[in-house]
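What follows draws every value from the coordinates through simple rules; no lab data is involved. Small disclaimer: the values here were computed from a predicted structure and weren't measured. So basically every Cβ, Gly included, is an ideal-geometry build from the backbone, and we count neighbours across all protein chains shown.
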Amino acid sequence: MPPKIDPAILKALSLDEANTTISSHGGSGFVSTFKLTTKDKDEKEKLYFVKTGKGRECEIMFAGEHASLNAIHSAVPSLCPTSHAHGPLSHPPNTFFLATDFLALSSSPSSGASLPHKLALLHSTPAPIPPGHTVPQFGFHLPTCCGDTVQDNTYHPSWSTFFSECRLTHILSCAEKNNGPDTDLSSLVQQTCSIVVPRLLRDGHLRSAEGSNITPVLVHGDLWSGNHGRGSIDGGAVEERVFDPSCCWAHSEFEFGIMGMFGGFGGRFREEYWGVKGKDEPVEEWEDRVALYELYHHLNHYSIFGGSYRGGAVRIMKSSLKKYGDGG
């Protein structure tokens with residue numbers, strides 16, 4: 001007997017249970033995933049991708065992913081699926097769902113713009129001015145999750161402050177909560193935040209390719225090769241797509257931290273990207289900035305998985321402090 005569809009999902013998507021089925025599809029370390037198949041009033045098939053999970057963490061994760069997908073879709077519509085609904089399931093208690101377009105992955109060539117071109121367009125999307133503020137802010141209007149880490153997206157007008165406080169300091173706190181106090185790691189993170197971050201990212205020093213102060217733009221936030229694919233939605237064209245985002249309004253180069261950590265986005269990708277959106281200034285510090293952004297993801301992976309990711313974080317911090325610790 002096929003699994004029963006929770007009434008909350010049917011209601012949120014305005015679906016007729018008699019014309020709708022659900023089946024397991026794929027898998028995740030954090031949640032359960034399904035393909036939901038239904039028919040519209042014209043008997044045309046429509047597919048949805050559904051995630052379910054238990055606990056407050058999943059409630060936060062799904063709300064953040066819903067907002068992230070729709071922010072990306074608003075900026076570059078062909079880049080990701082639309083998210084249609086999220087919220088609590090009818091039963092069991094304390095369980096939640098997310099329902100998005102179903103992305104049918106394909107090995108066929110893409111008929112649309114390349115991924116580096118689309119990503120450069122995404123990174124050219126300026127942040128709106130949040131309520132209660134007079135200028136665009138770095139951050140996001142709600143928490144998002146990178147893996148199962150709930151990120152602090154508190155708004156800040158300064159990128160160096162946001163990155164130091166809401167990324168490095170916050171993830172250190174998460175890592176120590178999950179793996180125990182670590183005096184040496186804590187000292188390195190504190191030194192990096194007080195010395196390297198202001199040296200490379202301070203206001204007025206970090207500038208756009210045009211020479212102006214950087215402004216917050218939309219980033220995916222967790223763009224490794226496993227969160228990118230080629231596929232179609234609702235039987236449409238096969239295009240380059242991204243999924244599982246953890247968005248925020250950030251410095252565009254922050255995206256390259258996770259992209260470089262696991263590979264899959266080589267020199268040709270970067271050259272095409274820079275052809276649309278040039279490197280920020282100082283250009284000669286690009287690799288050092290990206291190493292700093294990669295540091296966050298080493299710390300996040302250490303927080304989640306433990307093990308050797310700590311060593312990668314330590315290596316980046318010691319190298320950065322050796323280069324910039326004398327104020328050079």
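Ellipsoid fit via the Cα gyration tensor, region 224-276: semi-axes of 21, 15, 12 Å, each the root of five times an eigenvalue, largest first. Bridgeable lysines around LYS35 (alpha carbons under 26 Å apart, same-chain partners fewer than 8 residues away excluded): LYS4, LYS11, LYS44, LYS46, LYS51, LYS54.
Entry note, the chain: the mean residue ellipticity at 222 nm calculated from DSSP H runs of n ≥ 4, each adding -39500 (n - 2.57), is -10500 deg cm²/dmol after division by the residues and rounding to the nearest 500.
Along region 6-11 the Karplus relation, 6.51 cos²θ - 1.76 cosθ + 1.60 evaluated at θ = phi - 60°, assigns HN-Hα couplings of 4, x, 5, 5, 4, 5 Hz to successive residues, with x for each Gly and Pro. Footprinting exposure proxy ranking of THR149, THR134, THR154, fewest other C-beta atoms within 10 angstrom first, gives THR134, THR154, THR149.
Note on region 133-291: antiparallel DSSP beta bridges, both residues inside, total approximately 95 percent of the bridges counted. List the residues whose amide H sits under 5 Å from the amide H of ASP203, counting only those 5 or more places along or on another chain, with H placed 1.01 Å from N in the peptide plane. It is SER160, by chain and number.
Scanning residues 5 or more positions from HIS25 or on other chains, those with amide H under 5 Å from its amide H are THR33, PHE34, LYS35, with H placed 1.01 Å from N in the peptide plane. Cross-link partners of LYS322 among lysines, defined as those whose alpha carbon lies under 27 angstrom from its own and excluding same-chain residues fewer than eight positions apart: LYS279. Taken one residue at a time, the phi angles of region 236-249 give Karplus couplings (6.51, -1.76, 1.60, θ = phi - 60°) of x, 5, 7, 9, 6, 10, 10, 8, 6, x, 9, 5, 7, 8 Hz. Gly and Pro are set to x. Between TRP286 and LYS177, the modelled label-to-label distance comes to 3.7 nm, taking each label 7 Å out from Cα in the direction of the beta carbon. Among complete DSSP H helices in the chain, those whose alpha-carbon atoms stretch at least 18 Å along the helix's long axis and whose mean Kyte-Doolittle hydropathy reaches -1.0 are 56-75, 286-305, 309-324. Our note on the geometry: Cα centres of region 122-198 and region 288-328, 15 Å apart. The 3J(HN,Hα) values that the Karplus relation (6.51, -1.76, 1.60; θ = phi - 60°) gives for region 155-167 are, in residue order, 5, 9, x, 10, 5, 4, 5, 4, 5, 5, 7, 8, 10 Hz. Gly and Pro appear as x.
Kirkwood hydrodynamic radius (Cα pairs, Å) of the chain?
Result for the chain stands at 20.9 Å.
Under the combined filter of DSSP loop state and at most 10 neighbouring Cβ atoms within 10 Å, region 1-100 retains these GluC sites (Glu not before Pro): GLU43.
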